[in-house]
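For reference, the structure discussed in these notes is given below.
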Amino acid sequence: MRDERPVRSGRYRGTGGRRRAVWIGVCAAVAVVSLVIAVSSGAHAHAELTRKPTPAELSAAAAVGLTQRWERLPVGRIFPATVGYSTNLSTNETARRLGISPSDACPASVDGTLTELASRFGCRAGVRASYADELQGAVYTLGVLAFPSPASAASFFTKMPESSYPATGLRALALPGTAAARFGDAARQAAKTVLTGPYVVLVVGGYADGRAAAATGERRDSVFTAAAQLAGAVVAELGRPQTVNCGSPEWSC
């Protein structure tokens, strides 16, 4: 005989209670795991923010700092007000800075022999200044070409055309009212180029009276021996090793 008694509702209540209990347990477990992950992530983030930089990170920061040196340094530091040099007569004299170009565009700093090459290797800037020797008979323009990396600067340097006479490459910076007032590109007699890190330092020299090199027909490099020493003064500042000082406002470590 079939049992027609109604099923006790309490049985279903009991089953639903077990299901809710299981669900609550799962939620609690998920919450605990999420809390553990959050705490772990927070601890990791805190550790990342408070840990000291690794040697690799310091080296990378120093490399970036070196490529940015040309724009972080005052131009008066890149181009010293005075530079001592030795003449071909073994006397010691002093060259003085006459002025600095307000432009830092690469195309404005070099002539057609270097324009395409500078662009190909990513020249970022070209800054120039003019100097006169102690007797103000010879004048010089110094230029710094800044590249994205030492490798790009080296590639530019190795592919530069060989030195010629009259000199080419860096544009002469004529400064009205100074000994370099007549120093134009046609007056470039001698040139010097030096590579240091991500920078190429160029120097061109000529006579203060502006005489064209092509008109003289005579190459006298000994008159412009100061060119290499002027380049050395710029290299000394631009090429010094970059130090990352975490205690300085300049760096964020």
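The values are calculated or read from the model by the stated rules, or taken from the named source; none is laboratory data. Small disclaimer: the values here were computed from a predicted structure and weren't measured. For neighbour counting, all protein chains shown are included, and Cβ atoms are generated from backbone atoms with ideal geometry for every residue, glycine included.
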Original post:
What helices (runs of 4 or more DSSP H), lying completely within the stretch 49-119, carry at least 1 residues that are hydrophobic (A, V, I, L, M, F, W, C), outside the structural domain of ALA129 (by TED's automatic domain parsing) and without any contact (Cβ under 8 Å) to a residue 12 or more places away in the chain?
Top reply: 55-67
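Might you let me know whether the stretch 210-227 holds any residue that is closer than 26 Å to THR67 by Cα and not in a helix (DSSP H, G or I)? Full working, then the answer.
Looking only at the stretch 210-227, we keep the residues that are closer than 26 Å to THR67 by Cα, and these are 227.
If we keep only those that are not in a helix (DSSP H, G or I) too, we end up with none.
The answer is no; no qualifying residue exists.
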**OP:** Sort through LEU170, LEU135 and tell me the only one that's surrounded by fewer than 17 Cβ atoms within 10 Å (Cβ to Cβ) and either of a type in the set (A, V, I, L, M) or within 10 Å of VAL200 (Cβ to Cβ) (or both).
**Re:** LEU135
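So that you can scan it fast, the table gives a plain yes or no per residue for (1) surrounded by 23 or more Cβ atoms within 10 Å (Cβ to Cβ); (2) closer than 23 Å to LEU98 by Cβ:
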| site | (1), (2) |
| --- | --- |
| ALA153 | yes, no |
| THR158 | no, no |
| ALA174 | no, yes |
| VAL201 | yes, yes |
| ALA226 | yes, yes |
**OP:** Kindly indicate whether ALA38 is over 15 Å from ARG240 (Cβ atoms) and modelled with pLDDT of 50 or more.
**Re:** no
Subject >> the stretch 196-224, residues that are within 25 Å of LEU117 (Cα to Cα) and in contact with a Gly (Cβ under 9 Å, 6 or more places away or on another chain) >> reply: THR196, GLY197, TYR199, VAL200, VAL201, LEU202, VAL203, VAL204, GLY206, ALA213
Subject >> Members of the stretch 165-210 found to be in contact with a Pro (Cβ under 6 Å, 6 or more places away or on another chain) and among the basic types (Lys, Arg), listed by number >> reply: ARG188
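This table checks each residue for (1) of a type in the set (Lys, Arg); (2) modelled with pLDDT of 95 or more; (3) outside the structural domain of ASP111 (by TED's automatic domain parsing).
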{"position": "TYR207", "(1), (2), (3)": "no, yes, no"}
{"position": "GLU218", "(1), (2), (3)": "no, no, no"}
{"position": "GLN229", "(1), (2), (3)": "no, yes, no"}
{"position": "ASN245", "(1), (2), (3)": "no, no, yes"}
{"position": "SER248", "(1), (2), (3)": "no, no, yes"}
Original post:
Looking only at the stretch 170-205, which residues are in a helix (DSSP H, G or I) and either modelled with pLDDT under 95 or more than 29 Å from the chain's Cα centre (by Cα) (or both)?
Top reply: ALA186, ALA187
